[in-house]
Amino acid sequence: MITQKFVNKVTLEFGRLIEYDHLWEDNPAIKEAMPHLRISKPEIKKKKKDDDLSTNVVEPDENEWKRLIDDMKYVRALEYVLQNAPVRAKDPDKKKKAASMALSTMMKIKTSEISDAVNSIPVPLRDTLMKYVYKGFENPKDYSSSALLTWHEKVLAATGLGSIVRVLTDRRTV
Amino acid sequence: MTEVHSFGNLPVIAHAWNKDRTQIAVSLGKNDVRIYQKQAGKWRLIHTLSEHLSRILAIDWAPTTNRIVSASADYNAYVWSFENNVWKQQMVELQRTSRAVCCAKWSPNENKFAIGSSDKNVGICYYETEQRFWAAEMIKKKPKSTVTCIAWHPNNQLIVAGSCDYRVRIYSAYIKAVDGQPQVSSWGTITNTGDLLHEFQSESGWIHDVCFSPLGENLAWVSHNSIIFAVSAKNSSRTTMEITNYLPFRCIIFVSESTLIVAGHEFSPLIYNYDERKDSIDFVEKLDQQETSTGKQAVNRLFDQPSMQTQTPEPISTHQSMITQMLPYQTDHTNIVKISSTDLFGQVVIWNLSGRKIKK
């Protein structure tokens with residue numbers, strides 16, 4: 001039981017009201033000692049509206065997409081989904097629907113035509129394309145990993161390591 | 001041409017030069033500032049400034065007043081002055097800063113310095129002559145996350161702070177007690193301390209470094225999503241982005257009014273040109289070009305054995321790890337002619353920019 005010794009040491013070190021730190025909840029020793037220490041009440045922060053998300057929420061229209069697929073305009077269909085990808089939405093269902101549209105389109109494009117497809121996608125949309133490639137990797141049962149790896153290779157050749165960094169850091173996820 | 005200096009195997013987290021570049025103050029990730037002097041072609045440790053209780057995250061050396069400010073993870077910053085052959089520390093009162101101080105920079109006139117901390121504080125510190133300590137004016141409109149980098153405008157009254165909340169903010173750093181009249185600047189009118197003049201976004205990436213151009217008309221920053229941003233005071237509502245294919249950059253520096261150099265996880269510094277009228281940031285060249293050609297030859301010979309031939313020989317760059325900081329080393333009027341860069345393998349490299357395609 002380290003509680004009493006810990007309490008004594010902390011009181012000696014600080015001797016005053018300790019500012020509450022929410023990260024202490026993760027440390028079992030500190031959490032145990034907390035009722036014995038003089039700690040300020042945690043601020044209950046009101047959830048502020050996130051400025052970066054939930055503005056300009058777009059999503060691809062399923063009918064429009066289906067029309068392009070039926071016309072066999074696969075690259076155009078993919079570009080349409082990427083253009084209207086719900087990156088700013090908070091609703092996971094919206095994202096799931098768009099992801100299935102994007103990935104099923106990508107699977108329809110022949111391996112030999114992937115390189116040309118990537119080059120015809122406008123540069124600002126290529127980051128979103130890379131995000132969908134990684135989304136596809138998350139579901140190896142639904143989407144062929146070997147096809148995705150080819151997509152990954154071709155997109156990487158066009159956009160470089162920067163696009164992977166943006167997949168990992170961008171809060172506007174797919 | 002390019003000088004390479006080694007300070008052992010420890011990472012050089014921060015560095016600062018004295019006025020005539022004969023001495024360098026470095027932080028090797030430890031709790032002390034180490035000052036080395038160039039003696040007979042070698043760097044010798046002449047002073048160790050140990051007062052901090054945790055690793056030192058930033059150092060800045062004011063050339064004219066010969067003072068050093070050091071910021072550390074122990075929630076403190078100290079100002080050091082050189083008296084009787086010894087560096088003595090002066091108290092800095094950072095109100096209510098309860099997290100690491102990440103960055104510290106002297107103002108151009110060296111009468112103030114700005115600090116940024118992990119607990120969202122930005123402070124402008126000036127010397128209280130009556131009570132003989134450095135007092136801090138903390139900015140009220142705080143960023144929402146860690147303040148990673150700070151830079152001063154040449155007019156000594158504006159600072160820009162980059163933060164992990166994906167924003168870059170220009171604040172007024174006017175202190176009535178120290179500055180005379182508030183100056184007029186193309187970024188807006190300066191009235192009170194801590195006024196927020198501008199706020200720019202970085203498209204969802206932590207800001208790693210921010211920098212004003214030598215005359216203060218342009219501002220640029222780099223963030224963790226491998227994008228370089230720039231904006232001009234002439235048209236502050238339009239931010240120019242350069243979405244790069246490289247790994248993220250950690251530091252940025254303007255060498256002239258329109259040319260900037262970035263460096264970071266891509267082991268060579270890169271030169272870019274910001275054209276405000278065309279709204280573009282164009283890649284010029286890698287600083288490390290000349291080194292790679294000689295490196296390639298040596299590596300090719302090494303890999304002549306049949307078993308090794310399947311490996312593609314990589315050109316050996318001068319920096320072999322992430323570049324942590326870049327500073328001006330030598331200036332010519334307002335343009336920078338030489339820069340120094342440090343990396344995680346203890347190297348300090350001085351690059352000569354003469355002969356490069358640098359636009360005014």
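The values are calculated or read from the model by the stated rules, or taken from the named source; none is laboratory data. Just so it is clear, the model here is predicted, and its values are computed rather than measured. Neighbour counts run over all protein chains shown; Cβ positions are idealised from the backbone, glycine included. Each accessible area value is taken on the protein alone, full model and side chains, heavy atoms only, with ligands, DNA and RNA left out. Shrake-Rupley method; radii C 1.70, N 1.55, O 1.52, S 1.80 Å.
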| request: Would you check if A:Tyr80 is closer than 30 Å to B:His265 by Cα and away from every other protein chain (no Cβ under 14 Å)? | output: no
| From the list A:Lys141, A:Lys154, which residue is touching a residue at least 40 places away in the same chain (Cβ under 8 Å) and out of contact with any Lys or Arg (no Cβ under 8 Å at 6 or more places or on another chain)? | A:Lys154
| query | Can you name the residue in the range B:174-207 that is surrounded by 22 or more Cβ atoms within 10 Å (Cβ to Cβ) and within 14 Å of chain A (Cβ to nearest Cβ) and, of all such residues, is farthest from B:Ile159 (Cα to Cα)? | reply | B:Gly205
| request: Would you confirm whether any residue within the range B:42-53 is assigned to a strand (DSSP E or B) and in contact with a His (Cβ under 9 Å, 6 or more places away or on another chain)? | output: yes
| In this structure, is B:Glu137 more than 14 Å from every other protein chain (Cβ to nearest Cβ), in a strand (DSSP E or B) and at pLDDT below 95? | yes
| message | When you check B:Ala62 against the structure, is it surrounded by 23 or more Cβ atoms within 10 Å (Cβ to Cβ) and among the small types (Gly, Ala, Ser), yes or no? | response | no
| Within the range B:267-303, how many residues turn out to be in a helix (DSSP H, G or I) and modelled with pLDDT of 90 or more? | 0
| In the set B:Val86, B:Val122, B:Val168, B:Val92, which member is over 16 Å from B:Ile59 (Cα atoms) and over 19 Å from the mean Cα position of the chain (by Cα)? | B:Val86
| Residue, nearest to the other protein chains (Cβ to nearest Cβ), within the range B:90-101, restricted to residues that are open to solvent by less than 30 Å² (accessible area, probe 1.4 Å) and not small (Gly, Ala, Ser) | B:Thr97
| Check on B:Ile24, of a type in the set (A, V, I, L, M, F, W, C) and either surrounded by fewer than 20 Cβ atoms within 10 Å (Cβ to Cβ) or closer than 24 Å to B:Ile139 by Cα (or both) | no
| task | State which residue is least open to solvent (accessible area, probe 1.4 Å) when the search covers only the range A:123-161 and only residues that are among the hydroxyl-bearing types (Ser, Thr, Tyr) and under 13 Å from the mean Cα position of the chain (by Cα). | result | A:Tyr132
| Which one is farthest from the other protein chains (Cβ to nearest Cβ), of the residues in the range B:211-243 that are within 20 Å of B:Cys164 (Cβ to Cβ), assigned to a loop (DSSP other than H, G, I, E, B) and touching a strand residue (DSSP E or B) at 6+ places or on another chain (Cβ under 8 Å)? | B:His224
| Based on what the data block shows, is A:Arg16 modelled with pLDDT of 70 or more, of a type in the set (Lys, Arg) and in a loop (DSSP other than H, G, I, E, B)? | no
| query | Considering the range B:244-271 alone, what residues qualify as being of a type in the set (Phe, Trp, Tyr) and within 14 Å of chain A (Cβ to nearest Cβ)? | reply | B:Tyr246, B:Phe249, B:Phe267
| request: Looking only at the range A:157-174, count how many residues are on the phi < 0 side of the Ramachandran plot and either at the interface with chain B (Cβ under 7 Å from one of its Cβ atoms) or touching a residue at least 60 places away in the same chain (Cβ under 8 Å) (or both). | output: 11
